[in-house]
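Remarks on the structure that follows.
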Amino acid sequence: MPEKKKPQQRHGFRTNEYVVYPAHGVGRIVRIEEQEIAGAKLELFVINFEKDKMTLRVPTAKLASVGMRKLSEEKIVKKALGTLKGKARVKRTMWSRRAQEYEAKINSGDLISIAEVVRDLYRSESQPEQSYSERQLYEAALDRMAREVAVVDKLDERGAIQRITEVLAKSARGRRLAAEEAEIKAA
């Protein structure tokens, strides 16, 4: 029986394309395959998450429900980096509630929401130390954001993290200097 040629594109996604899977971040479609599961033929995207050493098979029919999407365009990456420059918005609710909200934003797959978590949980050297759970959420959000920024801006992951933390540090320094100037004027 002659081997059937494997499809290279489905639903606007193609083999070797980087995509964002909300619960895991950036992965690459390595192939599109058909499998028979419980007597039904199923077409699947096989997505490799290299950093996590994980492969995921996503039914092509489930794209919308799992929220898989293409990488953000450059203008969205710029907007996300701009979000980092804003003042941290920390609600006065209990930490467990805020942690759930942060986790939901991280797993939403939305780059702007992830940038908000990075911004809100960032600590400069002059600020008090984070709790373990704050640090874990910050690092998860930073990792998700950096992976997408790296692929879109054609950087390595370390370069993307450096770019993000430079924006955070610069805006924190700017706010600190503005506050010091306001104190001097008030004196």
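The values are calculated or read from the model by the stated rules, or taken from the named source; none is laboratory data. For clarity, every value in this text was computed on a predicted model and none was experimentally measured. As a convention, Cβ positions derive from the backbone with ideal geometry for all residues, glycine included, and neighbour counts pool all protein chains shown. Heads up: the accessible areas ignore ligands, DNA and RNA and are worked out on the full protein's heavy atoms, side chains in. Shrake-Rupley method; radii C 1.70, N 1.55, O 1.52, S 1.80 Å.
For the chain, modelled as a GNM with alpha-carbon contacts under 10 angstrom, which of A169, A64, A160 fluctuates the most?
A64
Could you give the accessible area per residue of the chain, probe 1.4 Å, as a whole number in Å²?
In whole numbers, the chain has 63 Å² accessible per residue.
Just to confirm the number: angle between the C-alpha axis of helix 74-84 and the first principal axis of the chain, 0 to 90 degrees, nearest 10?
With rounding to tens, the tilt is 40 degrees.
Mind putting a number on the dipole of the stretch 1-111 about its Cα centre? Charges go on the C-beta only, +1 for Lys and Arg and -1 for Asp and Glu, and I need it in Debye to the nearest 20.
Its charge dipole is roughly 680 debye.
Per residue of the chain, what 222 nm ellipticity follows from adding -39500 (n - 2.57) for every DSSP H run with n ≥ 4, rounded to the nearest 500?
Result for the chain, helices only: -15500 deg cm²/dmol.
Work through the residues other than L71 whose Cβ is under 13 Å from its Cβ and net out their charges, Lys, Arg +1 and Asp, Glu -1.
Here the count lands on +2.
Looking only at D110, D143, D153, which one moves most when the chain is put into a Gaussian network model with springs between Cα atoms under 10 Å?
It is D153.
Express in whole angstrom the spacing between the alpha-carbon centres of the stretch 165-187 and the stretch 75-105.
20
For the chain, modelled as a GNM with alpha-carbon contacts under 10 angstrom, which of R98, R144, R69 fluctuates the most?
Result: R98 has the largest fluctuation of those listed.
Which whole-number percentage describes the relative contact order of the stretch 1-91, with Cα contacts under 8 Å and a sequence gap of 6 or more?
Relative contact order of the stretch 1-91: 21 percent.
Please turn the phi angles of the stretch 166-176 into ³J(HN,Hα) values with the Karplus equation 6.51 cos²θ - 1.76 cosθ + 1.60 (θ = phi - 60°), one per residue in order, whole Hz, x for glycine and proline.
Ordered by residue, 3J(HN,Hα) equals 5, 4, 4, 5, 5, 6, 5, 4, x, 5, 5 Hz.
For the stretch 71-157, calculate the relative contact order in percent as a whole number, restricting contacts to Cα pairs under 8 Å that are 6 or more residues apart.
36
Where the accessible area of the chain is counted over protein heavy atoms with a 1.4 Å probe, how much of it, in %, is carbon and sulfur?
Heavy-atom surface of the chain belonging to carbon and sulfur, 1.4 Å probe: 52 percent.
Cross-link list K51/K87; K85/K154; K87/K154; K105/K154; K51/K170; K75/K154: which exceed 20 angstrom alpha carbon to alpha carbon?
Long pairs (Cα-Cα over 20 Å): K51/K87; K85/K154; K87/K154; K105/K154; K51/K170.
Apply the Debye scattering formula to the stretch 27-110, with a single equal point scatterer on each alpha-carbon and no solvent, then give log10 I(q)/I(0) at q = 0.12, 0.16, 0.17, 0.26 Å⁻¹.
-0.58, -0.87, -0.93, -1.27
What's the local net charge at D110, with K and R +1, D and E -1, over the other residues with C-beta under 12 Å away?
Every neighbour counted, the sum reads +2.
Compute the signed sum of charges (Lys and Arg +1, Asp and Glu -1) over the other residues within less than 9 Å, Cβ to Cβ, of R89.
+1
Within the stretch 113-157, what residues put their amide N at less than 18 Å from the label point 7 Å along the Cα-to-Cβ vector of E180?
Counting only backbone N, you get 124-128.
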